[in-house]
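Below is one structure, written out as structure tokens; comments come after it.
Derivation of every value follows stated rules applied to the coordinates shown; laboratory data play no part. All of these numbers come straight from a predicted model, not from anything done at the bench. Neighbour counts are summed over all protein chains in view; Cβ atoms, including those assigned to glycine, are modelled from backbone coordinates with ideal geometry.
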Amino acid sequence: MDNGSKRHVFIETFGCQMNENDTGRMLSFLKGNDYSPTDVPSEADLILVNTCSIRDKAEQKVYSALGRFKRLKDKNPALLIGVTGCVAQQKGSVLLEKAPYLDMVIGTHNIHNIPSVIKEVSGKKKRVSLTEFYEEIKAGEYSSAAKGGIKAYVNIMRGCDNFCTYCIVPYTRGGEVSRPAGDIIDEIKTLAGGGTKEVTLLGQNVNSYKGEVSFPELLRRAAGIGGVERVRFVTSHPKDISKELIYLYGEEPKICRSIHLPLQSGSDMVLERMKRGYTARGYLSKLELLKNLYPEISVTTDIIVGFPGEGGEDFKETMRCVREVEFDGIFSFKYSPRPMTAAAAFPDVVPPGIKQERLEELQALQKEITLEKNKALVGKTVKVLIEGQTKRNPVEVTGRTSCNRVVNLPSPRALAGCIADVFVVDA
Ligand code: 5AD
Ligand code: SF4
């Protein structure tokens, strides 16, 4: 799509929903600066690599992407290249030294400054690294209303104060700061006015939201906005889940019956060394309460295998928990030591081969559980918020249930934004 006058930006995004949302924010700040998005890197005047450093593998992907874009700059010297996100924050100006073709490095608290950085680098041919942390969230910094869509993420806070011993996030995203509730509600109203039906309130640890209202009250207000049909939230920390939140699912039908609650490990010894602040029993008893009240609730989790000191018995405890809970989905990872984190200095490292074996064993178990769960839906009618057509078939649409399961259905009509009653025939 070339309208002749505009410049084009291509953004490659790695990592979590926070980064996806940040990419949306970058595009909306750049739109005001006369950049329109393109999917074709070779057509871009500006390429940004929005990076993730949660595991070493994620970080390595960034360097290979930069290598690819360097070749484009060899052909087109006017091309501007920047690195944003967690690796930008972590490495700062070191990246400029390492990669002479890089024009800018923009840290996680400076996304709203992208337009001014671009002015600086394009005018004076200066190279810029901007990685200051700010204690407050500035007005307008998180407004992403321009991005829109049937489903939208809305930031309610940034950063994290938990310092789990494996995690780099408190270093790359800074301390926890909550966004004022009024700003959040205004953003959701704008989104709903533009046709958004589902909002996901987003933060590293949403249950410790500290605005003028409690987190459950914020959810209640979000659900009360006209046009909003569904409200979700990620990510919750098991130690901070309150009874008020648990009971809210029963009071407010627009709060989706699903929760992402990272367990990380089923071994109390490992949980303690991770500094998670709960035991496996503590975690299971909160889930029990949720499942007793709302039997249909879907629960997903994150699990790390091969954390330093994780013995065969510890891993078996994780497997036992997974069998007991029957999660609807698991995001599972091999432990990866990260710079600055406490666990990077822990001894008793688990050998890579054993980490791989444990990961495969866990994933095989979860695959069985997921299939069983999907099969249990066959013959039932579910409510699906239709998101749009699938890529593989022009007369097929796709959407999600309130429990966040993907459902595809044949439909000759574009039903995007509708909530349809769908009879499930296959899993
Ligand atoms: N190694 C492996 N997995 C990690 N995660 C966070 N840090 C690490 C690490 N160093 C996982 C956790 C977290 C998810 C987002 O990524 O499970 O919940
Ligand atoms: Fe990382 Fe723990 Fe904070 Fe989650 S709660 S972002 S795992 S430090």
Query raised in the report: For the range 169-206 and the range 287-301, what is the separation of their Cα centres, given in Å?
Result: 25
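State, as an integer percentage, the relative contact order of the range 381-423 based on alpha-carbon contacts under 8 Å between residues 6 or more apart.
Averaging sequence separation for qualifying contacts and normalising by length gives 47 percent for the range 381-423.
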Query raised in the report: Hey, what did the chain get for relative contact order, percent, Cα under 8 Å, at least 6 apart?
Result: 10
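Counting DSSP beta bridges with both partners in the range 151-374, what percentage is antiparallel, nearest 5? It would help to have the intermediate numbers written out before the result.
Details: 2 of 23 bridges.
Close to 10 percent.
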Query - the range 33-95: trypsin sites (Lys or Arg not before Pro) falling in loop per DSSP and having at most 12 other Cβ within 10 Å - result: none
Query raised in the report: Among 339, 77, 406, which residue has its Cα positioned farthest towards the positive end of the charge dipole of the chain, with +1 placed on the Cβ of Lys and Arg, -1 on the Cβ of Asp and Glu, and the dipole taken about the Cα centre?
Result: 77
Requested in this report: Determine, for 81, 114, the number of other Cβ atoms within 10 Å of each Cβ, and report the residues in order from fewest to most.
Outcome: 81, 114
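If you build the convex hull over the alpha carbons only and average its shadow over all orientations, what do you get for the range 151-374? Give it in nm² to one decimal. Before the final figure, lay out each step's value.
On the way: hull surface 49.3 nm².
For the range 151-374, the mean projected area of the Cα convex hull comes to 12.3 nm².
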Query raised in the report: Among the lysines, which fall within straight-line cross-link reach of residue 243, defined as a Cα-Cα distance under 16 Å, with same-chain neighbours fewer than 8 residues apart omitted?
Result: 286, 291
Query raised in the report: Percent antiparallel among DSSP beta bridges with both residues in the chain, to the nearest 5?
Result: 30
Query raised in the report: In Å and whole numbers, how far do the C-alpha atoms of the range 195-237 stretch along each principal axis, longest first?
Result: 29, 19, 11
**Report entry** Nearest-0.05 FRET efficiency for residue 63 and residue 324, computed from C-beta distance (R0 41 Å)
**Finding:** 0.50
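Grab the DSSP H runs of the chain that are 4 residues or longer, score each as -39,500 (n - 2.57), total them, divide by all residues and round the 222 nm result to the nearest 500 deg cm²/dmol. Walk me through the numbers before you get to the answer.
Numbers: 13 runs with 153 residues, N = 427.
It comes out at -11000 deg cm²/dmol, rounded to the nearest 500.
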Query raised in the report: Along the charge dipole of the range 182-298, which of 260, 249, 201 sits closest to the positive end, that is, farthest toward it, with unit charges on the beta carbon of Lys, Arg, Asp and Glu (+1, +1, -1, -1)?
Result: 260
Query raised in the report: What FRET efficiency, computed as 1/(1 + (r/R0)^6) with R0 = 60 Å and r the Cβ-Cβ distance, is obtained for residue 7 and residue 368, rounded to the nearest 0.05?
Result: 0.75
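Explain nothing, just the number: dipole magnitude of the range 7-130 about its Cα centre with +1 on each Lys and Arg Cβ and -1 on each Asp and Glu Cβ, in debye rounded to the nearest 20. Before the final figure, lay out each step's value.
Values: 18 positive and 13 negative charges, 74 e Å.
Its charge dipole is roughly 360 debye.
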Query raised in the report: Size of the dipole of the range 151-374 about the Cα centre, Lys and Arg at +1 and Asp and Glu at -1 on the beta carbon, nothing else charged, in debye to 20?
Result: 400
Report summary line: Going through 6/334; 124/189; 125/151; 355/375 one by one, the pairs whose alpha carbons sit over 32 Å apart turn out to be 6/334; 124/189; 125/151
Query - Long-range tail of P(r) for the chain (Cα pairs > 39 Å, %) - result: 22
Report summary line: Most exposed to least, judged by fewest other Cβ atoms within 10 Å, 321, 418 sort to 418, 321
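Within the range 5-98, report the GluC sites (Glu not before Pro) that DSSP leaves as loop and that have at most 10 other Cβ atoms within 10 Å. The partial results should precede the final answer.
Values: sites: 12, 20, 43, 59, 97; in loops: none.
Hits after loop and neighbour filter: nothing returned.
Give me 397, 169 sorted ascending by neighbouring Cβ count inside 10 Å, so fewest comes first.
Details: 397 25, 169 22.
Least to most surrounded, the residues fall as 169, 397.
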Query - Simple Cβ-charge dipole of the chain, Lys/Arg +1 and Asp/Glu -1, about Cα centre, in debye nearest 20 - result: 880
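Is the range 1-75 rounded, prolate or oblate when judged by the Cα gyration tensor, a ≥ b ≥ c being the square roots of its eigenvalues, rounded requiring a/c under 1.5 and prolate requiring a/b larger than b/c? Each step should come with its number before you reach the end.
Numbers: a/c = 3.19, a/b = 1.37, b/c = 2.34.
In terms of gyration-tensor shape, oblate.
Express the relative contact order of the range 170-324 as a whole percentage, based on alpha carbon pairs under 8 Å and six or more residues apart in sequence. Spell out each step's value before the answer.
Working: 199 pairs, mean separation 30.6, N = 155.
Relative contact order, the range 170-324: 20 percent.
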Query raised in the report: If one computes the Cα centroid of the range 87-112 and of the range 343-393, what distance in Å separates the two points?
Result: 34
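Would you please classify the overall shape of the range 7-130 from the alpha carbon gyration tensor, given that a ≥ b ≥ c denote the square roots of the eigenvalues, rounded means a/c under 1.5, and beyond that prolate means a/b larger than b/c while oblate covers the rest?
Numbers: a/c = 1.28, a/b = 1.14, b/c = 1.12.
Taking the square roots of the gyration eigenvalues as a ≥ b ≥ c, the range 7-130 is rounded.
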